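The values are calculated or read from the model by the stated rules, or taken from the named source; none is laboratory data. For clarity, every value in this text was computed on a predicted model and none was experimentally measured. We place every Cβ from the backbone using ideal geometry, glycine too, and count neighbours over all the protein chains shown.
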There are 4 protein chains.
Amino acid sequence: MQPQLLAVGELAAGQTLTVPVYRFIGSDPAAPSVYIQANVHGAEVQGNAVILQLLRYLRQYPPKGNVTLVPLANPLGINQKSGEFTLGRFDPITGENWNRQYLDNQLPLSHWLSEHQGYSDRELVAAYRQALIANLQTRLQSPWGVTTGQRLAYTLQLLATEADIALDLHTGPKSCRHLYCPEYQRHAAMQFSIPFTLFIPNLFGGAMDEAIFCPWWRLSDYLASCGRQFEIPVVAFTLELGEQELIDMAQAQQDAQGILAFLSVRGVIAEPLLPLEMPRYGTHLKNYRKFHAPQAGLVQYLVAPGSLVEQGDPLVRLLRLDLPESEQEQLLTAPEAGAAILHFASAAVQQGTELYKIMTQLTEIS
Amino acid sequence: MQPQLLAVGELAAGQTLTVPVYRFIGSDPAAPSVYIQANVHGAEVQGNAVILQLLRYLRQYPPKGNVTLVPLANPLGINQKSGEFTLGRFDPITGENWNRQYLDNQLPLSHWLSEHQGYSDRELVAAYRQALIANLQTRLQSPWGVTTGQRLAYTLQLLATEADIALDLHTGPKSCRHLYCPEYQRHAAMQFSIPFTLFIPNLFGGAMDEAIFCPWWRLSDYLASCGRQFEIPVVAFTLELGEQELIDMAQAQQDAQGILAFLSVRGVIAEPLLPLEMPRYGTHLKNYRKFHAPQAGLVQYLVAPGSLVEQGDPLVRLLRLDLPESEQEQLLTAPEAGAAILHFASAAVQQGTELYKIMTQLTEIS
Amino acid sequence: MQPQLLAVGELAAGQTLTVPVYRFIGSDPAAPSVYIQANVHGAEVQGNAVILQLLRYLRQYPPKGNVTLVPLANPLGINQKSGEFTLGRFDPITGENWNRQYLDNQLPLSHWLSEHQGYSDRELVAAYRQALIANLQTRLQSPWGVTTGQRLAYTLQLLATEADIALDLHTGPKSCRHLYCPEYQRHAAMQFSIPFTLFIPNLFGGAMDEAIFCPWWRLSDYLASCGRQFEIPVVAFTLELGEQELIDMAQAQQDAQGILAFLSVRGVIAEPLLPLEMPRYGTHLKNYRKFHAPQAGLVQYLVAPGSLVEQGDPLVRLLRLDLPESEQEQLLTAPEAGAAILHFASAAVQQGTELYKIMTQLTEIS
Amino acid sequence: MQPQLLAVGELAAGQTLTVPVYRFIGSDPAAPSVYIQANVHGAEVQGNAVILQLLRYLRQYPPKGNVTLVPLANPLGINQKSGEFTLGRFDPITGENWNRQYLDNQLPLSHWLSEHQGYSDRELVAAYRQALIANLQTRLQSPWGVTTGQRLAYTLQLLATEADIALDLHTGPKSCRHLYCPEYQRHAAMQFSIPFTLFIPNLFGGAMDEAIFCPWWRLSDYLASCGRQFEIPVVAFTLELGEQELIDMAQAQQDAQGILAFLSVRGVIAEPLLPLEMPRYGTHLKNYRKFHAPQAGLVQYLVAPGSLVEQGDPLVRLLRLDLPESEQEQLLTAPEAGAAILHFASAAVQQGTELYKIMTQLTEIS
């Protein structure tokens, strides 16, 4: 099976940048369609290994629903080296985060619905999807052009908009596995094999998952305000699969199993697969707190990602060899209880560097 | 005259980063106070030379109003080299634009005003300013800390919030002189010696000028909605003084004269100085369009910043030596008439690179 | 005329990097063959425009000798952005200068010549060239592999080794036009339209020109030590064509004329073209001095590249807004008389930054 | 105990860069003096933690010999962030490796010795050391200035030249502990607690260790050629202490114990400490081979640093999701047997990236 190559940009010296696209046509037209991409942030490579495992599975067990797999989704980010590491989180020219440039695909709902009166839910879904796609295409053809990041993002968004389920595979810097899940799909947190979940509201911040579900959530909300109940037919998640700059095929096999379990629950694949049993915790996005270095220095991270911490627990040992003896070693402690989800990738930090991200106000999910 | 050094951050190896602050105490307590900073974007150095010229003037002709001058306002940005140039537009760790991290200083107006009933305008101004300052200080002392960029931005914002007039001196990449001016102060566009002006709305996008005037504009709007007329007592402008990576002391002398003319009109300095006579053009910010490269390649910029262009005028010659002869040289043309304000700094561009920024829908200001 | 695309590397996401190669087959087998490349340093783009002008000329006036033109010779360097500028001088992973990675193509001369006894000069040239090429190919096939920069450099060197004349088109940061010329070809300094020349010795420092001429110079020296006179049959030059990050097609036309004049003198093209008359100055490479910033600060460059300076002439105005008034503006002066050839590209410099490069001990060439 | 702060440079915005220096005056004038520095490469931070442990030990057990400890030796490198990691291996402006800029401190030996006839070995050592120091000072005061990297390197070299033993603490990217040891001190490989040793010749390549021992080795060789036996009185080592971007205080305690054992053997400290028993392997520097990626792709490193490998053993799993199924996963194997000492830090590699460094032709040391 050979990927199609989708053009997403051009480098200064003229090379066309392409992204591989793998498409499985499902056996059951009624089954949901799926879009999975990986590596939009250049250093977050593990999702590609997961896609390779999914490819192997789906070749052996063809899916019921259409499945589109897009690894290596951001060639500009993947190829952007600065020193030994991949500087792939933002456009090196503008600083814009590659995962904040998707289109806030807003249609004028009142007007649009007035033109689609009498449509069944199914018809509405099809027409609305076409309108979203048309809007993306129009933006890509602006006479003023679009930015490098927008061209990439909108091109991927076009593919994802065609699907009922979109998964965006990321990783943290040094991180445990966790999930971004829209509030209207809280039950999905039990359907993956991921211990920590952030529930996110209907607010567009530029990311892929939001770009996919916000337009449908808005439509559903608008229809509700008109007295019509309309179940949101599309869903999107961001999966954070461990740490960046790491490929591990054995772990990728487990990650793929978790995704397949979700696809099984949703009827995309025929085989009955179950998510792993594990304690699961979640919190609302607004309780996801960043702990910033109050001082600069060298740091030893004392809490492994995925650990629960109490308020006052030591998080970081801070070394300052330029200061007098009494200030050469300090402990920085957790301002609040929660789960330490990820920490910074480097051991040398400026004042203000984000040292840890902590889910506070945790609740157990069941 | 020696600057005070204001601590704004710490580098990983422990060095404290400081910013020089020069303060002139005005002779007339009724005169407006002024805050001027330069070089928040690391490569935009010319404002420092302008501040040096202002320093020399003000030492010779002491001002009526208090004047605070802050050159070299972003040591992290200024010191961030990548190759020969200064990579000073965004935080190299996070990609965040240094001029998009100021606090959106929002007070709960209804509640706050209920606590300040019966205040005269003058009393309201003083109390509101104190509340804005207190809010900034609270943020800086969060137990979760603030980011590197927020620490810098909020620290500068504290100084600027004390003033009645705030000027933020920037430059473009390759650029003509132009001004960002809030809509409620359109007449100010005639008071500087700057030919092009962008009129900006009451929307906070993270920049210094907005961070200063938005809270007061909101207060004024709110009071208007309550039936009380309240003139916005504070104003802030961003001045774009030519191109980055360039120091020119003779040009800085002219730029300083232009600023002094404005300060003269506003009663900050006693000497009667007049802005230069020149044709002036302006447009609303929403008409400030970016022209992105439809293809990658090597480019020759054909239109000098500050030139008026018609729709269809050639803007850029694009070379593609990797393509067949017929495609090796192309012309890219203006999608719309306007004034070419600035162009990109490099001659090698990706697909999507912002080649030119053009003010469209120009009107002459008089 | 469409270029062949020569593979020179692969990006992490899998894209093949290619370089366009244009070949003209000469009408006269006895005429020298020529290799011209441009843009090995990513920001030094003007040579591409010169090659485009050469292409147009040679299509109209086919050459006597074979001519190979290689624009955009370093796609990795050209595409390496960091902020708005091109960070194209060194490998972003290792820091190695792209123009210091060519192979020091050394054959064991005593042994090799013992195997080629009785060869005429012409036969020796052919055999030696084949041996040099074979050596390069062997290196490229090492079981341990070669570095990214070596793969690029050796691949280009293979093409250049086939030619009798190799020209490597570079630019300075902010620079006047100047020439690197091997000492044994001093007369060539009069054959280009370039006012300043550096004469370089038979020492390999990693650059393309040295990589081409050193093996032949060594052979000639070795044969001389054996009592056989052998004229060095190959020559290579580096041309520095003004400043980086600039495309100017009109200037490129002049630069191309200068190169064509040289090719005319050497019998590569049939048309009689003459280099421009101009005062020409030269010095030995060891007299090419770098003037480093004794202090950090903001700088205004006071001497335009291409100007002659006397000892003690002001070179740079240095601003230090963080210091007391008396130290806020200083002048830095030339330690020795000479010609200011180029200066640094940025106006903000660290202590030790190379501010100017100055040819000292100048002599007029005629 | 508070460090002295040694000025080593100035940032563009004016900040002085300083390095902390800790000095212990030994109790026994006959004991050797020691200089230890860490973190010349910005990301290689673990040596600072080791120095902190040494500081604690030496405060408790004052040494017999003078000891100078210099952590955080390269503030420019430590503070150079690009994305989340530290881009501290080379000067971001020039690409020059921070550990290749020390002075090749060559004196004209024949002339110099003729001026020091009749000196005893002890007198010769003192006079030669003074001459080396004077030479460094002269370079630092050149009217043309020195580069940023030279200023740092020469300033550190001045301190190190005063000592009899110099240790430069580095780390690899992902690496096991290993030692660079000059050939004339092969027995030292048993005196540290480090399993792998590279024996290096009397060739100056720009590094600190070479900069310290080469001048003395040359003197000894020269005197030997004159028939005088002169034991090399000075030694320098580079210790590679694991991986970059990591602080681990427990491991630092072990690393410090290893260094103290060496200092105990050499009589610098009074306490009898012994190096750990372990199998030790070594090879000559010329057998230290780099394995470069034959293709680009995503990589899983299969061999942990410190492992012995046979020829043909799999080193790396290479993923290529852009290629047809049969080429999506490949294994890259060791071209030769040896010990895998370190591997690259990132999982996404270009063609030519140095994947592993392998000591070949290993011998057991005892």
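Looking at C:Pro201, C:Pro182, C:Pro173, C:Pro195 in this structure, which one is surrounded by fewer than 17 Cβ atoms within 10 Å (Cβ to Cβ) and within 17 Å of the chain's Cα centre (by Cα)? Walk me through how you get there before you give the answer.
Numbers: C:Pro182 fails: surrounded by fewer than 17 Cβ atoms within 10 Å (Cβ to Cβ); C:Pro173 fails: surrounded by fewer than 17 Cβ atoms within 10 Å (Cβ to Cβ); C:Pro195 fails: surrounded by fewer than 17 Cβ atoms within 10 Å (Cβ to Cβ).
Of the residues listed, the single one that is surrounded by fewer than 17 Cβ atoms within 10 Å (Cβ to Cβ) and within 17 Å of the chain's Cα centre (by Cα) is C:Pro201.
So in segment B:61-78, with the set limited to residues that are touching a residue at least 40 places away in the same chain (Cβ under 8 Å) and of a type in the set (Gly, Ala, Ser), which one is farthest from the other protein chains (Cβ to nearest Cβ)? Filtering segment B:61-78 for residues that are touching a residue at least 40 places away in the same chain (Cβ under 8 Å) and of a type in the set (Gly, Ala, Ser), the one farthest from the other protein chains (Cβ to nearest Cβ) comes out as B:Gly65.
Restricted to segment B:6-54, and to residues that are within 30 Å of B:Glu271 (Cβ to Cβ), over 22 Å from the mean Cα position of the chain (by Cα) and among the hydrophobic types (A, V, I, L, M, F, W, C), which residue is farthest from the other protein chains (Cβ to nearest Cβ)? Filtering segment B:6-54 for residues that are within 30 Å of B:Glu271 (Cβ to Cβ), over 22 Å from the mean Cα position of the chain (by Cα) and among the hydrophobic types (A, V, I, L, M, F, W, C), the one farthest from the other protein chains (Cβ to nearest Cβ) comes out as B:Ala30. Whether a residue is over 20 Å from the mean Cα position of the chain (by Cα) and of a type outside the set (Gly, Ala, Ser) was assessed, and D:Glu84 passes this test.
Residue count for segment D:317-356, restricted to those that are within 23 Å of A:Pro173 (Cβ to Cβ) and either at pLDDT below 95 or more than 7 Å from every other protein chain (Cβ to nearest Cβ) (or both): 3. Return yes when A:Leu58 is in contact (Cβ under 8 Å) with a residue 12 or more places away in the chain, within 13 Å of chain B (Cβ to nearest Cβ) and assigned to a helix (DSSP H, G or I) and no when it is not. No, not satisfied.
Of all the numbered requirements in (1) in a helix (DSSP H, G or I); (2) crowded, with 21+ Cβ neighbours inside 10 Å, A:Val40 misses one, and that requirement is (1).
If you go through segment B:276-291, how many residues are in a strand (DSSP E or B) and either more than 14 Å from every other protein chain (Cβ to nearest Cβ) or on the phi > 0 side of the Ramachandran plot (or both)? Reasoning before the result, please.
Within segment B:276-291, the first condition is being in a strand (DSSP E or B), and the residues that meet it are B:280-284, B:288-291.
Checking which are either more than 14 Å from every other protein chain (Cβ to nearest Cβ) or on the phi > 0 side of the Ramachandran plot (or both) leaves us with B:280-284.
Of the residues in segment B:276-291, 5 are in a strand (DSSP E or B) and either more than 14 Å from every other protein chain (Cβ to nearest Cβ) or on the phi > 0 side of the Ramachandran plot (or both).
If you go through segment B:339-354 and keep only what is under 21 Å from the mean Cα position of the chain (by Cα) and under 13 Å from B:Leu298 (Cα atoms), you end up with B:Phe344, B:Ala345.
Just to be sure before I move on: is C:Tyr57 out of contact with any Pro (no Cβ under 7 Å at 6 or more places or on another chain), of a type in the set (Phe, Trp, Tyr) and in the same structural domain as C:Val235 (by TED's automatic domain parsing) in the structure I sent?
Numbers: out of contact with any Pro (no Cβ under 7 Å at 6 or more places or on another chain): yes; of a type in the set (Phe, Trp, Tyr): yes; in the same structural domain as C:Val235 (by TED's automatic domain parsing): yes.
In short, yes.
Exactly one residue out of B:Leu246, B:Leu203, B:Leu273 is without any contact (Cβ under 8 Å) to a residue 12 or more places away in the chain and assigned to a loop (DSSP other than H, G, I, E, B), and it is B:Leu203. In this entry, C:Arg266 is excluded by the filter for residues that are touching a Leu at 6+ places or on another chain (Cβ under 9 Å), among the basic types (Lys, Arg) and modelled with pLDDT of 95 or more.
What's the total number of residues in segment A:139-192 that are within 22 Å of A:Glu231 (Cβ to Cβ) and of a type in the set (S, T, N, Q)? Break it down into steps so the answer makes sense when it comes.
Of all residues in segment A:139-192, those within 22 Å of A:Glu231 (Cβ to Cβ) come to A:160-167, A:179-192.
Pick out the ones that are also of a type in the set (S, T, N, Q) and you get A:161, A:185, A:191.
Adding up the residues that qualify gives 3.
Contact map, segment C:311-328: first residue without any contact (Cβ under 8 Å) to a residue 24 or more places away in the chain, second residue in a helix (DSSP H, G or I), Cβ cut-off under 7 Å, separation 6 or more or different chains; pairs are C:Arg317/B:Met249; C:Leu319/B:Asn48; C:Leu319/B:Ala49; C:Leu319/B:Leu52; C:Leu321/B:Asn48; C:Leu321/B:Ile51; C:Leu321/B:Leu52; C:Gln328/B:Leu52. Screening B:Ala250 on (1) within 25 Å of B:Thr86 (Cβ to Cβ); (2) assigned by TED's automatic domain parsing to the domain that holds B:Cys181; (3) surrounded by 20 or more Cβ atoms within 10 Å (Cβ to Cβ) shows it passes everything except condition (3). Condition first: assigned to a loop (DSSP other than H, G, I, E, B) and within 30 Å of B:Leu52 (Cβ to Cβ). Can you find one or more residues in segment B:253-267 that meet it? Yes - at least one qualifying residue is present in segment B:253-267.
Number of residues in segment C:269-312 that are among the hydrophobic types (A, V, I, L, M, F, W, C) and farther than 30 Å from C:Leu54 by Cβ: the value is 9.
The residue pairs whose first member lies in segment D:292-309 and is touching a residue at least 60 places away in the same chain (Cβ under 8 Å) and within 14 Å of chain C (Cβ to nearest Cβ), whose second member is among the hydroxyl-bearing types (Ser, Thr, Tyr) and surrounded by 20 or more Cβ atoms within 10 Å (Cβ to Cβ), and whose beta carbons are closer than 7 Å, counting only pairs six or more residues apart or on different chains, are D:His292/C:Thr147; D:His292/D:Thr353; D:Ala293/D:Thr353. For segment D:84-106, give me each residue that is crowded, with 24+ Cβ neighbours inside 10 Å, under 21 Å from B:Gln15 (Cβ atoms) and either without any contact (Cβ under 8 Å) to a residue 24 or more places away in the chain or away from every other protein chain (no Cβ under 14 Å) (or both). Across segment D:84-106, the qualifying residues are D:Phe90, D:Pro92. Being part of a loop (DSSP other than H, G, I, E, B) and closer than 18 Å to C:Gln350 by Cβ is the filter here, so list the residues in segment D:1-30 that pass it. Within segment D:1-30, D:Leu11, D:Ala12, D:Ala13, D:Gly14, D:Gln15 qualify.
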